[in-house]
1. Of everything in the stretch 120-138, what is open to solvent by less than 60 Å² (accessible area, probe 1.4 Å) and free of Cβ contacts under 8 Å to residues at least 12 places away in the same chain? Give them in sequence order.
2. Output the residues belonging to the stretch 221-253 that are modelled with pLDDT under 90 and among the β-branched types (Val, Ile, Thr).
3. Does any residue in the stretch 40-53 that is farther than 16 Å from Leu268 by Cβ come within less than 7 Å, Cβ to Cβ, of a residue that is at pLDDT 90 or above and open to solvent by less than 20 Å² (accessible area, probe 1.4 Å) six or more places away or on a different chain, and which pairs are these?
4. Name every residue in the stretch 124-138 that is among the small types (Gly, Ala, Ser) and either on the phi > 0 side of the Ramachandran plot or part of a helix (DSSP H, G or I) (or both), in order of residue number.
5. Would you be able to say whether some residue in the stretch 148-156 is among the small types (Gly, Ala, Ser), more than 23 Å from Asn86 (Cα to Cα) and within 24 Å of the chain's Cα centre (by Cα)?
6. Going by the conditions given, is Val161 open to solvent by less than 50 Å² (accessible area, probe 1.4 Å) and within 16 Å of the chain's Cα centre (by Cα)?
7. Might you check whether a residue that is of a type in the set (Ser, Thr, Tyr) and open to solvent by 40 Å² or more (accessible area, probe 1.4 Å) occurs anywhere in the stretch 192-204?
Amino acid sequence: MPSTTRPRRLPTVENPRKSVTLTAVTWLFALYCLLPLVWLVVNATKSQADFVSSFGLAPGGRFALWDNITAVFRYQDGIFVRWLLNTVLYVVVGAVVSTFLAALGGYALAKLHFRGKRLLLFVILGSIAVPGIALAIPQFLLFARLGLTNTPWAVLVPSFVNPFGLYLMWVFAAEAVPTDLLEAAKVDGAGEFRTFARIALPMLAPASVTVLLFSFVSIWNNYFLPLIMLKDPGWYPLTIGLNEWNKLGSTAGNGALIQNLVITAALLTIVPLIIAFLSLQRYWQSGVALGAVKG
């Protein structure tokens, strides 16, 4: 009598073996990441009275999101708009310049030969291990001597240097940019910078998007450096401005109960990050896939 037992299929990439433990851990991690976001969205829809009287994950008595948003943009003569524009300035200029410099430096380290290259590589790798907060005080002392504190340059210039982005560009350029193509361009009379701009830079686009996203998030969430560099509220980014509102609303007896405005403003600040990731996700994924194939 022939056996009716079906042969057991071995796990493959297309049909991986399912792990109950791994699935449960993944769901717990997703819950850990999404729960604060859900709390933020729910509480941004509450009035100040509902915020202090209702459970954090329960909706309030009325939907006050639009009223809160209007109040955020009107509070203190619309200072939130100024903070938002400052943050956009710091992020756009800082992220674009740091990405371009990282691409330029990574290309040079990967494809050019010069004296001291090995030493420079060790310096770059060592600088990645140094936390940015450890350099904040020396940077403040340096910018104070130059007279640049309390100006946008005190926030912009440090953001131009991105050792981790430089390292990523160096690794990617070593594999993604063919040396033969660069030599052919030089034979045709192209200069070094023109070769980089016309040939290497388009090939570095996937890695550039990755570095741009990292720089975008890092500068957008930067807190400690602007805190010690800036004293004028007119130059505050959103991180410092919202902290000032939070302290104002948490101080007993000052008459400013604005916790609902702080929550709503915090929700508004993460919207650009979500839009940036969703817009550039396919370019980022293509860069990761290309790097995996070449590896």
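The values are calculated or read from the model by the stated rules, or taken from the named source; none is laboratory data. Bear in mind the structure is a predicted one, so any value in this text is a computation, not a measurement. No Cβ is skipped: glycine too gets one built from the backbone with ideal geometry, and neighbour counts run over all protein chains shown. Heavy atoms of the whole protein, side chains included, go into the accessibility calculation; ligands, DNA and RNA do not. Shrake-Rupley method; radii C 1.70, N 1.55, O 1.52, S 1.80 Å.
1. Gly126, Ala134
2. Thr251
3. Pairs that qualify, where the first residue is farther than 16 Å from Leu268 by Cβ and the partner is at pLDDT 90 or above and open to solvent by less than 20 Å² (accessible area, probe 1.4 Å), are Phe51/Asn43.
4. Within the stretch 124-138, Gly126, Ser127, Gly132, Ala134, Ala136 qualify.
5. Within the stretch 148-156, not a single residue is among the small types (Gly, Ala, Ser), more than 23 Å from Asn86 (Cα to Cα) and within 24 Å of the chain's Cα centre (by Cα).
6. In short, no.
7. Taking the stretch 192-204 and keeping what is of a type in the set (Ser, Thr, Tyr), we get 195.
If we keep only those that are open to solvent by 40 Å² or more (accessible area, probe 1.4 Å) as well, we get none.
Within the stretch 192-204 (the criterion being of a type in the set (Ser, Thr, Tyr) and open to solvent by 40 Å² or more (accessible area, probe 1.4 Å)), the answer is no, since none of the residues qualifies.
Every residue, every condition in (1) under 11 Å from Tyr107 (Cα atoms); (2) out of contact with any Pro (no Cβ under 9 Å at 6 or more places or on another chain), yes or no:
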| position | (1), (2) |
| --- | --- |
| Ala154 | no, no |
| Phe164 | no, yes |
| Tyr167 | yes, yes |
| Gly189 | no, yes |
